[in-house]
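Read the structure below first, then the notes.
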């Protein structure tokens, strides 16, 4: 029994045969290597994506998630009712100042992402854009996986009654995700753990006291009669 025989039975019984889905484009070459860009070092490839959600009153809000693909660190989560190309430029510009400029910035083909202003802003700092194939979210797997983690670990168990509440709670979760949460892909380490300096080592070392001056022995004098 194979798929062709099943189709013949469907046609014979007068049932409608479901259309076959179109074949997806190949992402790998014949030697097993992947065509898409892979992160090789810290701040090599950043990826970002838009996600929509709703507060308790039914009003929509958007999130702009930015992820470092090599370290899995979430660089920023911008939460607002509306996010446009100008907001993308502002978020990326702040990250460029704080962390430096990455080699590539990966994203999908949304209208707010492929805008000429966004492309010009990224090109102005000598970074390259890496757009995925349309309708191929699996090519942007790092940020898509992060979106799923954010949904499973926070959003599915929270109800936000205001935009401000969503901003505070999501930012708190982002810091926990970067500094505390362990990642199996990183050898069960956090992407950016905080370094705790002991109190005694943070204080300046005590200066050694100078050695006392050596005293010369006093010469013996004979008593005069």
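Nothing in this text is a laboratory measurement; each read-out follows from the coordinates by a stated rule. Here the structure is a predicted model, which is why all the values come from computation and not from measurement. Don't worry about glycine lacking a Cβ; one is built from the backbone with ideal geometry, like all the others, and counts go over all protein chains shown.
Among 88, 114, a tally of other beta-carbon atoms within 10 Å of each Cβ gives an order, fewest to most, of 114, 88. Across the stretch 45-185, the mean sequence separation of Cα contacts (distance under 8 Å, 6 or more residues apart), normalised by length, yields a relative contact order of 27 percent. Each residue in 55, 71 was given a count of other beta-carbon atoms within 10 angstrom of its own, and listing them fewest first yields 55, 71. For residue 90 and residue 13, the difference between the fully extended length at 0.36 nm per residue and the C-alpha to C-alpha distance is 21.7 nm. Arranged from fewest to most other beta-carbon atoms within 10 Å of their beta carbon, 51, 97, 169 become 97, 169, 51. Each of residue 6 and residue 52 was given a label point 7 Å from its Cα along the Cα-to-Cβ line. The distance between the two points is 3.5 nm.
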